[in-house]
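Asks: Here you go, one structure.
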Amino acid sequence: MSNQFAGNLADYISTHAYVDESQLHSAIAYQKQIGGRLENILVNLGYVHQEDIPIIYSGYLNIPLLSFDCEFDISTFDFSMLDLDELYSKNAVPFELTNAGVVHLAVTDPLSIELYEYIDSCLTEYKIFVCNQNQLTSIKSILDSKKQMSSGADSGVKGELDRIRELAFG
């Protein structure tokens, strides 16, 4: 996790004009009093839109956003490499295995230490992409369908995969 911004998340959010100074001070005061993560507090107070959180993470951590034109190929993915349920519980899903053996993972919370501890224990080569909850849910549905297909389930699932992919990525 290389942070290219020379400051904390609050500084990044303020510097990039996601909130004004008074909103930031209000959110920090709330955080000190009640606790919680600053980005969640900013959303709950209505200062930042939930849809902006992946963009903020991406810029702050210099991690690419999962875009609609990202490659999406799990056909060669070996599900035995990872416990998908464990990944799902950490709001992460694999969405591609490159020819070089790098697993691309879509995550909603790239600040999760537990996520990196788990991934580091299973994979040697991976790349994180920040995504929103809807993208994560769509990819999870596709993976679940693929698991069903590979376990000998109904072959009509292929059409369902195409339908889910179309809904998720336009």
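Asks: Which ones in segment 110-122 are free of Cβ contacts under 8 Å to residues at least 40 places away in the same chain and either open to solvent by 20 Å² or more (accessible area, probe 1.4 Å) or among the β-branched types (Val, Ile, Thr) (or both)?
Replies: 113, 114, 117, 118, 119, 120, 121
Asks: If I filter segment 59-86 down to residues being at pLDDT 90 or above and within 21 Å of residue 145 (Cα to Cα), which single residue comes out as most open to solvent (accessible area, probe 1.4 Å)?
Replies: By that ranking, first place goes to 86.
Asks: Those residues that are part of a helix (DSSP H, G or I) and over 20 Å from residue 110 (Cα atoms), I need them from segment 32-50; list them, please.
Replies: Across segment 32-50, the qualifying residues are 32, 33, 34.
Asks: Now for a separate question. List pairs: first in segment 126-142 and touching a residue at least 12 places away in the same chain (Cβ under 8 Å) and within 14 Å of residue 51 (Cβ to Cβ), second in a helix (DSSP H, G or I) and hydroxyl-bearing (Ser, Thr, Tyr), Cβ under 9 Å, 6+ apart or cross-chain?
Replies: Close Cβ pairs satisfying both conditions: 130/57; 130/58; 136/88.
Asks: The conditions are (1) open to solvent by 80 Å² or more (accessible area, probe 1.4 Å); (2) at pLDDT 85 or above; (3) closer than 28 Å to residue 144 by Cβ; (4) charged (D, E, K, R), and residue 90 fails exactly one of them. Which is it?
Replies: Answer for residue 90: the failing condition is (1).
Asks: Okay, moving on. Go through segment 7-30 residue by residue and tally those that are farther than 17 Å from residue 58 by Cα and open to solvent by 60 Å² or more (accessible area, probe 1.4 Å).
Replies: Residues flagged as farther than 17 Å from residue 58 by Cα and open to solvent by 60 Å² or more (accessible area, probe 1.4 Å) within segment 7-30 amount to 5.
Asks: Those residues that are under 19 Å from residue 130 (Cα atoms) and β-branched (Val, Ile, Thr), I need them from segment 22-55; list them, please.
Replies: Answer for segment 22-55, where residues must be under 19 Å from residue 130 (Cα atoms) and β-branched (Val, Ile, Thr): 43, 48, 53, 55.
The values are calculated or read from the model by the stated rules, or taken from the named source; none is laboratory data. Keep in mind the model is a prediction, meaning the values are calculated, not measured. Please note: Cβ atoms are built from the backbone with ideal geometry, for glycine as well, and neighbour counts cover all protein chains shown. Side chains are part of the model used for accessible areas, which takes the heavy atoms of the whole protein and leaves out ligands, DNA and RNA. Shrake-Rupley method; radii C 1.70, N 1.55, O 1.52, S 1.80 Å.
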